[in-house]
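Worksheet: the structure to be examined is printed underneath.
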Amino acid sequence: MAGVSSTIALNRWDSIVKQTQPVFDDIESGDFTNRDLAKVAQLLRKQSKLASTVFEQNLKLLSEQAKTYVPAVKQELAKIGEFVSPKNISIVIEAIYKELVAKNIKTIVDKIKEIINSDIVKKFQETAKSFYNDYAKFYGKVPVIDVKKDQVVASSAKKDVSDTDGLMQKVYDMMEYAYPALAQYPKSEKFALCTDIKHCMDIMLERTIEAQKKYYKKTTLQELDVEIMKLRAYLRLSHELGFLPMKKYEVWSGMVVEIGKMLGGWLKTVNGQPKNIGNRP
């Protein structure tokens, strides 16, 4: 079954599974009614309208496929001496439809899971971009209180924002470049290496946002550095396996190197130690 690349998507999928698994089991065994299918569509709609639409469209396609058997059904009914009536034809076509649904339900479920995942990632990126656009404006106007000294330190807050805004934009630009590149990976890697890379970038974006919001940033920034190193390793592996052409590898890796350098500068200001963070060969 397809994988998910974010905690939010995983939680949403778990919620769907909890509510629909008994019905899916009945569908796979062929013991279901149209009311059961409608119930699944309704539950999916609560989590993702797109996933619900995909489910309903697949059922419609299977229904249309079942109807293509009408001529063959008429011939078979005539052969066995049954009356070729609309009612009898409908009964057989309904049985064929159920068999098609039961046979294809696993594929449909995988499609739904993929939709849940991509839908979450897209919404998360849109939210992150909106947050990035609004955050600097807000932070630039509101002074920050140093809880230790109980003094307003608005000037240092502005400096921190100016340093981190650029990093946020670099991470976002990298993700915009990455997704079309990942679409060119082999299908066999869609839920393997591609998922690992997407998950890694998701965490990079999350840690960057968290570091902007937190007063104590060092641990969060170190976690971001780990994800940068992991992403570098994934990109090198992708290139060596032939999934990522040299030109794209150079551009993408260059973006990651630049993010690492900016992170190194940020960490240096946080802990006052010129460590070789985020700028390793």
Query raised in the report: Contour minus end-to-end for GLN222 and THR53, with contour as 0.36 nm per residue of separation and end-to-end as the Cα-Cα distance?
Result: 56.7 nm
**Report entry** Listed peptides 79-92, 251-264, 55-68 by packing density, highest first (mean Cβ within 10 Å)
**Finding:** 251-264, 55-68, 79-92
Query - Unit charges on C-beta of K, R, D, E only; dipole of the stretch 7-113, Debye - result: 420 debye
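The numbers here are math on the coordinates, done by the rules we state, and not lab data. Quantities reported herein were computed from a predicted structural model and do not represent experimental measurements. Counting neighbours? That spans all protein chains shown, and the Cβs are built from the backbone with ideal geometry, glycine included.
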